[in-house]
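Participant: Take a look at this one; I'll ask things after.
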Amino acid sequence: MRHAHQPAALRAVIDFFEGITPGHAARIGEIYADDAWFKDPFNEVTGAEAIGRIFAHMFVQVREPRFVVHDCVGDAREAFLTWDFVFRRAGGEPMTIRGASHLRLDETGRIRWHRDYWDTAEELYARLPVIGAIFRWLRRQGSAR
């Protein structure tokens with residue numbers, strides 16, 4: 001197992017994300033505390049049920065979504081993960097979003113606080129046809145090179 005050196009609770013979290021399927025949304029309470037808080041660039045919700053809806057929505061919005069966890073620093077109570085979110089858009093084009101998650105776990109090993117960090121401009125908007133051209137131009141203007 002790639003993350004075998006991590007505490008069992010943290011390994012369970014990593015395994016959950018790396019093996020996520022549409023059925024995981026129904027099992028979200030196994031990994032998230034009932035009153036867990038979650039925030040990413042598009043959502044901020046409280047409660048395992050609301051978090052489950054976000055993951056269920058992911059499977060509606062994109063095809064073949066999966067997470068690949070690259071690094072994990074932390075212990076049984078708090079961790080920081082770096083990951084790739086790999087998926088296909090409706091047109092079939094593969095995409096990868098690189099990001100990180102800061103997690104706090106409760107005494108039972110379930111996530112009670114989850115904050116995702118990723119750059120929506122670079123990872124998502126810059127790849128859109130019209131808006132992407134504007135972002136690429138802005139990036140060139142701000143570059144020190």
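The values are calculated or read from the model by the stated rules, or taken from the named source; none is laboratory data. Computed from a prediction, not measured in an experiment: that's the story for all the values here. Reconstructed Cβ throughout: ideal geometry from the backbone, glycine too, with neighbour counts over all protein chains shown.
Participant: Looking at region 114-145, which of its residues are at pLDDT 90 or above, surrounded by fewer than 16 Cβ atoms within 10 Å (Cβ to Cβ) and of a type outside the set (Ser, Thr, Tyr)?
Facilitator: Applying the first criterion (at pLDDT 90 or above) to region 114-145 yields 114-117.
If we keep only those that are surrounded by fewer than 16 Cβ atoms within 10 Å (Cβ to Cβ) too, we end up with 115, 117.
If the condition is that a residue be at pLDDT 90 or above, surrounded by fewer than 16 Cβ atoms within 10 Å (Cβ to Cβ) and of a type outside the set (Ser, Thr, Tyr), then Arg115 is the only one that fits.
Participant: Still on this model: Can you tell which of Ala8, Ala33, Ala26 is in contact with a strand residue (DSSP E or B) (Cβ under 7 Å, 6 or more places away or on another chain) and either basic (Lys, Arg) or on the phi < 0 side of the Ramachandran plot (or both)? Spell out the reasoning first.
Facilitator: Working: Ala8 fails: in contact with a strand residue (DSSP E or B) (Cβ under 7 Å, 6 or more places away or on another chain); Ala26 fails: in contact with a strand residue (DSSP E or B) (Cβ under 7 Å, 6 or more places away or on another chain).
None of the other options fit; the residue is Ala33.
Participant: Which residues, taken from region 45-56, are of a type outside the set (A, V, I, L, M, F, W, C) and either under 17 Å from Phe16 (Cβ atoms) or modelled with pLDDT under 90 (or both)?
Facilitator: Glu49, Gly52, Arg53
Participant: List pairs: first in region 9-20 and within 13 Å of Leu105 (Cα to Cα) and touching a residue at least 12 places away in the same chain (Cβ under 8 Å), second among the β-branched types (Val, Ile, Thr) and in a helix (DSSP H, G or I), Cβ under 7 Å, 6+ apart or cross-chain?
Facilitator: none
Participant: Return yes when Thr46 is in contact with an Asp or Glu (Cβ under 6 Å, 6 or more places away or on another chain) and on the phi < 0 side of the Ramachandran plot and no when it is not.
Facilitator: no
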